[in-house]
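Written below as C-alpha cells is the structure these notes are about.
Only the coordinates and a few stated rules stand behind these numbers; no lab work does. Just so you know, these numbers come straight off a predicted model, no measurement behind them. Don't worry about glycine lacking a Cβ; one is built from the backbone with ideal geometry, like all the others, and counts go over all protein chains shown.
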Amino acid sequence: MREDSGIPFESQMEPLEWAKFIVKTRSERNYESAFSILSASAIRGSPDAEFYLGLIYSRGQGVRKDLVAAKHWFELASAKGNLGAMYFLGKMYSKGYGAEKDHKKAASLLNTPATMGDPRAQYELGLIHFDGDSPEKNLSYAVIWFTMSAESGHSEAQFILGQLYKTGYGVDQNTDKAIDWLTSAAMNRHRGAQLLLSNMYDTGDGVPVDKEEADRWYRMGDDEVISAL
C-alpha cells in the first residue's frame, strides 16, 4: 500500500480502479476514500465513476441509501453506454425501486446488456415478458430470454424454465427438459429446485418414485447450510 494525498490505494492500481474494487468487495473501512475518488471522477464525466456512485447510493455503502440519487447516477452512466447502469436502471423501472414502475422503459434499458450477453439482464427481461400485469407480456419472448440466461448459469432462470417445462406453460410440456433444468438449478444451490426435485421423486410426479433420490435432493440444501457454518 502507499499513500497519495491521504488516499490509500493498491500500488499496482489506478485510483479509480482501486475505488471500484472497494465498492465491489464492500471494504467498509475504505468507503470514504473510494467515494471521494469516484465523486471527483464523476464530476469529470467518467461513466464508470457515475455507475459506481449509483451502486454506492443504491446499496448504502458508506452513505445513506438513496434510490433517487442512485437513479440519477445510473441515468448519467446509462446515457453514455454503461451496460451495468442500463441493467440496474432497467431493474429499478421494472420493480418500481426509486422510480415509477414502467415495464416498457425497463425493457428498453435491459435489452442492450441482455443482447450483449448479461444473464442478469436476460433474466429480468424474461420476467417482464412473463409478468401478467405487464403490457410487454409475451410468453414466447419470456422463454427465449429465460433460456439464454439459464444457459449462462443463472439459477433462477433455470428454476423457472424447469417449472415451465414441467407444467407445459408457455412451452410444450417436456419432463426430461424439466428435470434437466431443475437439476441445473439445484446443483447451483437453488433451494426451491432442490425441494421440487425431492418432492417429484418422493411422489412419482412425472418421474419414477425414488425415495433415495428424493432424500438426496432434500438433504443437499441442508448439507450446504451446515458446511457454511
Within the chain, helix-based [θ] at 222 nm, where runs of 4 or more DSSP H residues each add -39,500 (n - 2.57), nearest 500: -22000 deg cm²/dmol
The lysines whose Cα lies under 25 Å from the Cα of residue 177, excluding any fewer than 8 residues away in the same chain, are 137, 166, 211
Suppose every Lys and Arg Cβ carries +1 and every Asp and Glu Cβ carries -1, with no other charges. What dipole size does region 82-211 come out with about its Cα centre, to the nearest 20 debye? 320 debye
Eligible lysines near residue 24 by straight Cα distance, threshold 20 Å, same-chain separation 8 or greater: 65, 71, 91
The longest stretch of the chain containing none of the trypsin sites (Lys or Arg not before Pro) that sit in a DSSP loop with at most 16 other Cβ atoms within 10 Å is 138-188
By the Cα gyration tensor axes a ≥ b ≥ c (a/c under 1.5 gives rounded; else a/b larger than b/c gives prolate, otherwise oblate), the shape of the chain is oblate
